[in-house]
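The values are calculated or read from the model by the stated rules, or taken from the named source; none is laboratory data. Bear in mind the structure is a predicted one, so any value in this text is a computation, not a measurement. Quick reminder, even Gly has a Cβ in these numbers, built from the backbone with ideal geometry, and neighbours come from all protein chains shown. Ligands, DNA and RNA are excluded from the accessible area calculation, which covers all protein heavy atoms including side chains. Shrake-Rupley method; radii C 1.70, N 1.55, O 1.52, S 1.80 Å.
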Amino acid sequence: MEVLGWARLIAGALLLLGGLIIFVIELYGIFHLKYVLNRMHAAAMGDTLGISFSLVGLMVLTGFNFTTLKMMLIVVFLWIASPVSSHLLARLEVTTNDNFKEHCDELPDLAGGEEP
């Protein structure tokens, strides 16, 4: 039984460490990327993955109880809410930014025709 306890401790610690590493990568992306949509993408992915890894690590460490159920509901809510809110903010940026074309690479013509 003690081996199972050590396995839970190691798995939980590795998940918490993975969440911490994801948060560090997120911070690097937020402070070093130049355009707002790139920074927002780094923040959204970091929040979704980092918080999920951290909470799953805590769920492994605490075992199965009512607190674990609450943490699982938080993970589900964040997996639904964070991408939706990021997408809405990105659409707002695209529709309200007058200089949006300056920040984009040249996009291919999807219709297949040449510009005159």
> How large is ³J(HN,Hα) for each residue in segment 6-11, as worked out from phi by the Karplus curve 6.51 cos²θ - 1.76 cosθ + 1.60 (θ = phi - 60°), to whole Hz, x for Gly and Pro?
Replying inline: 5, 5, 5, 5, 5, 5
> Put +1 on the Cβ of each Lys and Arg and -1 on the Cβ of each Asp and Glu in the chain; which of Thr95, Leu37, Ile74 then has its Cα farthest toward the positive end of the dipole?
Replying inline: Ile74
> Solvent-accessible area per residue for the chain at a 1.4 Å probe radius, Å²?
Replying inline: 77
> Under unit Cβ charges (Lys, Arg +1; Asp, Glu -1), what dipole magnitude, rounded to 20 debye, does the chain have relative to its Cα centre?
Replying inline: 800
> Could you give the distance between the Cα centres of segment 1-29 and segment 65-89, to the whole Å?
Replying inline: 19
> Do the sum for the chain: with -39,500 (n - 2.57) for every DSSP H run of n ≥ 4, divided by all residues, what is the mean residue ellipticity at 222 nm, to the nearest 500 deg cm²/dmol?
Replying inline: -27500 deg cm²/dmol
> Given a Förster radius of 35 Å and the C-beta distance between Phe31 and Leu9 as r, what FRET efficiency does 1/(1 + (r/R0)^6) yield to the nearest 0.05?
Replying inline: 0.60
> If the viscosity is 1.002 mPa s and the temperature 20 °C, what Stokes-Einstein diffusion coefficient in µm²/s follows for segment 1-93 when Rh is the Kirkwood radius over Cα pairs?
Replying inline: 150
